Amino acid sequence: MHEHGALAGIELTYNGMNGPNHYGREVPMGPAALPVATFSHEPLQARRMGKADIANLRRWHLAAVRRARTAGFDVIYVYAAHSLSFLSHFLSRRFNDRSDEYGGSIENRVRLLREVTEDARNAVGATCAVPIRISIDDLSNDGGLNRAEVEDMIGCIADLPDLWDVTLAGWENDSRTSRFAEEGHEEEFIRGIKQLTRKPVVGVGRYTSVDRMVSLVRGGVLDLIGAARPSIADPFLPRKIEEGRIEDIRECIGCNICVAGDFTQSPLRCTQNPTMAEEWRRGWHPERVKRKGSDSAVLVVGAGPAGLEAAQVLGKRGYSVTLAESRRELGGRVLDESRLPGLAAWIRVRDYRRGQIERLPNVEVFLDNRLTAEDALGLGIPKILVATGSHWRRDGVGRYHTRPIAIDRDACVLTPDDIMGGALPAGRRVVVWDDDHYYMGGVLAELCAERGYDTHYVTPASEVSTWTRATLEQHFIQTRLLRKGVHIQPFRAVTEVQRGVVVTACVFTGTSETLAADAVVLVTARLPEDGLALELERRRSAWAGAGVESVTVIGDALAPATIAHATYAGRRYAEECDAAAPAAAGPDADAVPFRREITELAGLPKAPLSEHPGGFRC
Ligand code: ADP
Ligand code: SF4
């Protein structure tokens, strides 16, 4: 980090009542004896900390501060935010019911934060900055933190830290998706905090608009703009602003696929930036690409996220690219989905790539061109990339039913594609059957309710759009649907669709019920749009004569998934299309296709690991 002119920062914490300690099996501690407050309702409680515990914790924190300084960090945070740290638990009356000098009055509840910060300050002197990160409000209305109290808390220790980092609690309020919060949604909470301290203030708000950032600084609201998601989507955001390359900024779309990595215990992933977490292990760079490895031109069929990403990276690598799209506009699924309620920012996936392609003379775009296998072979372009997407099923097959359900041919049955294409359910009463569990079912129920339909949302899960727990949205989606009057029917599966009636069954007992419905929207699963790929495969013997070397299928056309999967697939093709294929036999044939850190036990012979294909000794 220092080599590249950056400062290194670290945020230290003991998670207290938020840490069940599954691995170490230590009993969690907090200001009060209360259940551990994770997202998953862990069946264990924290114990109330005594004076000796507080002294121990201060010592541990101080030791961590010293280690951080020894490791070379320049900025060492004291973390009291998001209800995820022992310090935030001590600040909040929701968790702190103590009657000693660490509970009760504001001064008492701030005491531990003051002590821990003073310990850190004294330990590092002028060698490191010690900021405090604090939540201004937890929006809970039940004794939790609120703006007035937090102002007083900041007033108690106004000039103690080197920087105030202000945010909201919990994490779901702070890191809201674009579906539930505009850029800068925290502004109303952080405005005025700067007047309480002489130290600089940093805040967040998924800022990607340069004008907005500048106006916050000029208007005295913030001194620094914090940008986590915007710089995941574009790590070169500050550089591009500095150089005035605004049109090159890859703007965060606010989808929280990055956050989902936390909940799925997987590396950070990003819809907009497919190189995220692939920098070291695959050698991808968010801005730099390697020169093309051959003179073969590439035909990309389909201009959704997968095809667009492939075309723009191939173009930057110097390949001659022909991009054919059957519609009159680029964008594929994001073109349609960004028109759904709350998803407008998703069009940025298309906009960034379209902007890049427009400036690449070696990428030719042909809109309104639906290619057949005959057309594709007739173009004589050596590499063909099929990124033709997918369509939603209309037979009820999904996770719950893996065989088609009984559907009356006279029933009004719609798929998400129909609705995105402008069709509306017949009649007044509509059932949305969500066996997809991500955003689509919830969004369409919202759309139907907004259009005045008496909307029933049926799911075999216990809650609406259940996978969106991973994107911190589930609570907001369910609240919105309830407020819009959607009738939510959890634990039920649609088993049959008749004209005017939908039959559902309890997923536990199988007990059937009928529901009057004029129309049903089936949000279950998608089928790859693979007609072109299959036909090209059928004509494999004609490839050589047509000058075609390879046909590759990627994205939803291969296996429908998230938009993040599609941009990743496009990037991967563009990075690897000219890589030497591993020999069909031999030690590398089945190697994992990226570098891995392989932990090595001391005392074991070294040769086997260092010879391991793709292995890296650490
Ligand atoms: P992905 O998410 O994999 O990029 P999308 O569904 O978003 O998939 O995009 C696929 C695109 O491919 C759509 O814009 C669709 O119009 C286009 N397409 C599908 N079949 C053809 C074809 N035969 N010729 C040209 N374009 C096609
Ligand atoms: Fe933004 Fe989505 Fe990327 Fe996260 S995954 S940084 S929210 S575009």
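The values are calculated or read from the model by the stated rules, or taken from the named source; none is laboratory data. If you're wondering where the values come from, they're calculated on a predicted model, not measured in any experiment. Using ideal geometry, Cβ is built from the backbone for each residue, glycine included, and neighbour counts are taken over all protein chains shown. With ligands, DNA and RNA removed, areas are computed over all heavy atoms of the protein, side chains included. Shrake-Rupley method; radii C 1.70, N 1.55, O 1.52, S 1.80 Å.
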* Low-density loop positions, trypsin sites (Lys or Arg not before Pro), the stretch 123-220 - DSSP coil, at most 13 other Cβ in 10 Å -> 198
* Structure fact -> Computed over the chain: longest principal axis from alpha-carbon atoms vs helix 305-316 long axis, angle to nearest 10 degrees, is 90 degrees
* Carbon and sulfur together cover what percent of the accessible area of the chain at a 1.4 Å probe radius? -> 51 percent
* Looking at the square roots a ≥ b ≥ c of the eigenvalues of the Cα gyration tensor of the stretch 95-139, which shape do they give, rounded for a/c under 1.5, prolate if a/b is larger than b/c, or oblate? -> oblate
* Asked: Which whole-number percent is the relative contact order of the chain (Cα, under 8 Å, 6+ apart)?
  -> 10 percent
* Could you tell me which trypsin sites (Lys or Arg not before Pro) in the stretch 322-417 are loop residues by DSSP with no more than 14 other beta carbons within 10 angstrom of their beta carbon? => 328, 339, 359, 370, 399, 409
* Would you please give the residues with an amide H less than 5 Å from that of residue 276, counting only those at least 5 places away or on a separate chain, with H modeled from the backbone geometry? => 270
* When N counts the residues of the stretch 172-288, how does its alpha-carbon radius of gyration compare numerically with 2.2 N^0.38 Å, as a ratio? -> 1.14
* At most 11 other Cβ within 10 Å, DSSP loop - GluC sites (Glu not before Pro), the stretch 195-283 -> 243
* Once a ≥ b ≥ c are taken as the square roots of the eigenvalues of the Cα gyration tensor of the stretch 254-316, is the result rounded (a/c under 1.5), prolate (a/b larger than b/c) or oblate (a/b not larger than b/c)? -> oblate
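Of the peptides 520-526, 183-189, 19-25, how do they stack up when ordered by the mean number of other Cβ atoms within 10 Å, highest first?
520-526, 183-189, 19-25
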* What angle, in degrees between 0 and 90 and rounded to the nearest 10, separates the Cα long axis of helix 563-576 from the longest principal axis of the Cα atoms of the chain? -> 70 degrees
* To do: Take every DSSP beta bridge with both residues inside the stretch 1-160 and express the antiparallel ones as a percent of the total, to the nearest 5.
  => 10 percent
* To do: Using only the alpha carbons, work out the radius of gyration and Dmax of the stretch 407-548 in angstrom.
  => 18.6, 62
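Using only alpha carbon pairs under 8 Å that are at least six residues apart, calculate the relative contact order of the stretch 8-100 and give it in whole percent.
Over the stretch 8-100, the number comes to 38 percent.
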* Out of the DSSP beta bridges found with both residues in the chain, what percent are antiparallel (nearest 5)? -> 20 percent
* Asked: Taking the Cα atoms of the stretch 73-177, what is the range of coordinates along each of the three principal axes, in descending order and whole Å?
  -> 41, 40, 20
* Asked: How high is the relative contact order of the stretch 372-473, in percent, counting Cα pairs under 8 Å that sit 6 or more residues apart?
  -> 21 percent
* Structure fact -> Computed D for the stretch 1-44, Stokes-Einstein, Kirkwood radius over alpha-carbon pairs, 20 °C, 1.002 mPa s, to the nearest µm² per second, is 168 µm²/s
* Asked: Does the stretch 295-394 classify as rounded, prolate or oblate by the C-alpha gyration tensor (a ≥ b ≥ c root eigenvalues; a/c under 1.5 gives rounded; else a/b over b/c gives prolate, otherwise oblate)?
  -> oblate
* Structure fact -> Long-range amide H partners of residue 414, meaning residues 5 or more apart or on another chain whose placed amide H is closer than 5 Å, are 520, 521, 522
* Structure fact -> So the angle from the long Cα axis of helix 439-450 to the longest Cα principal axis of the chain, reported in degrees to the nearest 10, equals 90 degrees
* When all protein chains stay in place, what accessible area (Å², nearest 10, 1.4 Å probe) is found for residue 479? -> 40 Å²
* Please work out the average accessible area per residue across the stretch 258-405, using the 1.4 Å probe convention, and give it in Å². => 42 Å²
* Structure fact -> the chain: Kirkwood hydrodynamic radius (Cα pairs, Å) comes out at 27.4 Å
* **By accessible area with a 1.4 Å probe, ligands and nucleic acids excluded, highest first: order of 326, 178, 85** => 326, 178, 85
* Structure fact -> In the structure shown, of 292/383; 240/292; 199/240, the pairs separated by more than 20 angstrom at the C-alpha atoms are 240/292; 199/240
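Rounded to the nearest 20 Debye, what is the dipole magnitude of the stretch 381-462 about its Cα centre when Lys and Arg each give +1 and Asp and Glu each give -1 at the C-beta?
Charge dipole of the stretch 381-462: 240 debye, to the nearest 20.
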